[in-house]
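*Asks:* Before I ask anything, let me first share the structure, which is written out below as structure tokens.
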Amino acid sequence: MGDILSQNEIDELLKALNTGEVDVQQIQTSTEKKVRTHDFRRPSKFAKDHLKTMQIIHDTYARLVTNFLSGYLRTLVQVDYMSVEELSYYEFNNSISNPVILAVVDFSPLAGSIIFEMSPAVAYALVDRILGGRGTSIEKIRGFTEVELAIIERIIIQILNLLREPWENVVAIRPRLEKIETNAQFAQIISPNERVALITLSTRVGEVEGMINICIPHLVVEPILPKLSTRYWFSTVEKESSNETRETIEIKIENTRVPVKAILGKTTITVNDFLELQQGDVISLDTSVNGDLEIMVGDLHKFYAQPGVRKNRVSVKITDVVRKEDE
């Protein structure tokens, strides 16, 4: 829409025309309309807002996978979100080289399946690390053995379960691995012309780099597209709590029971000494008679205290607080 003139601007323009300061021929009104090209053979079905929400979801997912694989493999693993784009399933399927790890995943409660693709380099590195290696890939790409596929299947099942948390603000999904294919020709889950959203994650296992792709067909997420928007996302994630809600939470926290225990001392003995312990034996602890005892709240060391008696009951007196910055 063009700029709208105010009444003063209209009066000034008419005055300039009457005095000859402005030539009518110089005033050109653009009648050209802005035309947006539309490809009827490849219509866009995902709005930018939908792709933006998928970016937020899978950026969180990449961090969860990084934390899980780093702990599971006991080595440096880094998974980063790279991009999300819309394309046809034919374009995705045609870009896959063989052999490859293609996991067909049931995306319940949504109808249909998605594709979880893992590059062979990453798959071989995971297998090598689990079997005691350094997490290196092989120089010449070959087919996967049944043992290797069984190991990869176990990892993928655990990685897929991590999808639940990032998607829970949109829909409570229950991803379930249906099968693993190593040839793209046997993973035709939808028509080649159907539109899909392709999420690409850059993956690094030790010194090995590769890609993980998640292919989500439009038909699968079509029922929840209204929820797949940043407006809906942030309205469910960031809810402002009222003062009444805060007070209720504070009351519940204050009345929560937590275990508190005093550590009288610690020591180390051999198994043989332990087996020979008899009634009346004395075990020396590492705490002196006048030393402070460690007070544990749950599994956290929070206080130091002195032992004593209060109203004929064994008690401890808090002498110091262990603050976070002191740890």
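*Asks:* Looking at (1) farther than 20 Å from Ala47 by Cα; (2) modelled with pLDDT under 85, which is the only condition Ile180 fails?
*Replies:* (2)
*Asks:* Right, another one. Could you please find all residues in the stretch 250-277 being surrounded by 10 or more Cβ atoms within 10 Å (Cβ to Cβ), among the β-branched types (Val, Ile, Thr) and closer than 20 Å to Val322 by Cα?
*Replies:* Residues satisfying the conditions are Val260, Ile263.
*Asks:* Conditions: (1) at pLDDT 75 or above; (2) in contact with a strand residue (DSSP E or B) (Cβ under 8 Å, 6 or more places away or on another chain). Thr53 meets all but one. Number of the miss?
*Replies:* (2)
*Asks:* Within the stretch 278-322, track down each residue that is loosely packed, with under 15 Cβ neighbours inside 10 Å and among the acidic types (Asp, Glu).
*Replies:* Result: Asp281, Asp286, Asp299, Asp320.
*Asks:* Please verify whether the stretch 140-162 includes one or more residues that are out of contact with any Lys or Arg (no Cβ under 7 Å at 6 or more places or on another chain), of a type in the set (Ser, Thr, Tyr), more than 21 Å from Ala125 (Cβ to Cβ) and surrounded by fewer than 18 Cβ atoms within 10 Å (Cβ to Cβ).
*Replies:* No - not one qualifying residue is present in the stretch 140-162.
*Asks:* Would you tally the residues in the stretch 279-321 being within 11 Å of Lys261 (Cβ to Cβ) and either outside the structural domain of Ile269 (by TED's automatic domain parsing) or β-branched (Val, Ile, Thr) (or both)?
*Replies:* Of the residues in the stretch 279-321, 3 are within 11 Å of Lys261 (Cβ to Cβ) and either outside the structural domain of Ile269 (by TED's automatic domain parsing) or β-branched (Val, Ile, Thr) (or both).
The values are calculated or read from the model by the stated rules, or taken from the named source; none is laboratory data. For clarity, every value in this text was computed on a predicted model and none was experimentally measured. So basically every Cβ, Gly included, is an ideal-geometry build from the backbone, and we count neighbours across all protein chains shown.
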